Ligand code: C5P
């Protein structure tokens, strides 16, 4: 069976939690595509002593290995900012395209979360969700995850800067696919958001279930 679930949306809206839960419920493989850009961004910064060279970043993207996605440093604010900078480079996106497209169509089905899954990576995905929440709620959730290293105001400013870069870039900007279900999690508990996502995805399964 091939069945793709595309989950897009801005930073800290709940895409990862929802994506993992949908994958676990339906027995699908899961890919957090943000990790690809985070890994490229961090390596490009480290190798270039703080300056990102587009050609070198694309080379890093071509050479990514599964272990590169496991580094704890990928969750830092530095990695978030570096990710959204390399993600604006068409060379980097091109280098990561085939891997993501193949993952989306793997046998057994897959859930991918990111910014361009429903529009570029898997425009024919069987189920699409665009997960959002207010800026303030997203900043509060991210600040809670980050254990107090930054003030709420700093986290909010970073999230807004990153959203603006992700939505404003020319290469595969963050935008809801026309056929995506819009899921606003501002006033939803995690359980309620997950339940709504699972109900939508199940409604898109071929007759007879997965
Ligand atoms: O989802 P996450 O916050 O980990 O993504 C980090 C950054 O990677 C995003 O801000 C965005 O710039 C980039 N990204 C992207 N396309 C994706 C996934 C992530 O451009 N499919």
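A few notes on this one:
- Residue check, residue 143 at negative phi and without any contact (Cβ under 8 Å) to a residue 24 or more places away in the chain: yes
- Verdict on residue 153 being loosely packed, with under 14 Cβ neighbours inside 10 Å, touching a strand residue (DSSP E or B) at 6+ places or on another chain (Cβ under 7 Å) and more than 18 Å from residue 18 (Cβ to Cβ): no
- Residue within the range 49-58 that is crowded, with 18+ Cβ neighbours inside 10 Å, touching a residue at least 24 places away in the same chain (Cβ under 8 Å) and within 17 Å of the chain's Cα centre (by Cα) present: no
- Residue in the range 44-57 that is farthest from residue 156 (Cα to Cα), counting only those that are part of a helix (DSSP H, G or I) and within 14 Å of the ligand (Cβ to nearest atom): 57
- The range 82-95, residues that are over 12 Å from residue 170 (Cα atoms) and within 7 Å of the ligand (Cβ to nearest atom): 83, 84
- Verdict on residue 36 being within 15 Å of the chain's Cα centre (by Cα), free of Cβ contacts under 8 Å to residues at least 40 places away in the same chain and in a helix (DSSP H, G or I): no
- Inside the range 110-129, residues that are surrounded by fewer than 22 Cβ atoms within 10 Å (Cβ to Cβ) and more than 11 Å from the ligand (Cβ to nearest atom) make up a count of 3.
- Within the range 140-157, the residues that satisfy the criterion of being touching a helix residue (DSSP H, G or I) at 6+ places or on another chain (Cβ under 6 Å) and either assigned to a loop (DSSP other than H, G, I, E, B) or within 13 Å of the ligand (Cβ to nearest atom) (or both) are 142, 155.
- For residue 79, the criteria (1) within 11 Å of the ligand (Cβ to nearest atom); (2) modelled with pLDDT of 95 or more; (3) in a helix (DSSP H, G or I) hold in every case but one, which is (2).
- Total residues in the range 10-41 satisfying the condition of being more than 8 Å from the ligand (Cβ to nearest atom), more than 22 Å from residue 139 (Cβ to Cβ) and buried (at least 18 other Cβ atoms within 10 Å of the Cβ): the figure is 9.
The values are calculated or read from the model by the stated rules, or taken from the named source; none is laboratory data. Everything numeric here is computed off the predicted structure, so don't read it as measured data. We place every Cβ from the backbone using ideal geometry, glycine too, and count neighbours over all the protein chains shown.
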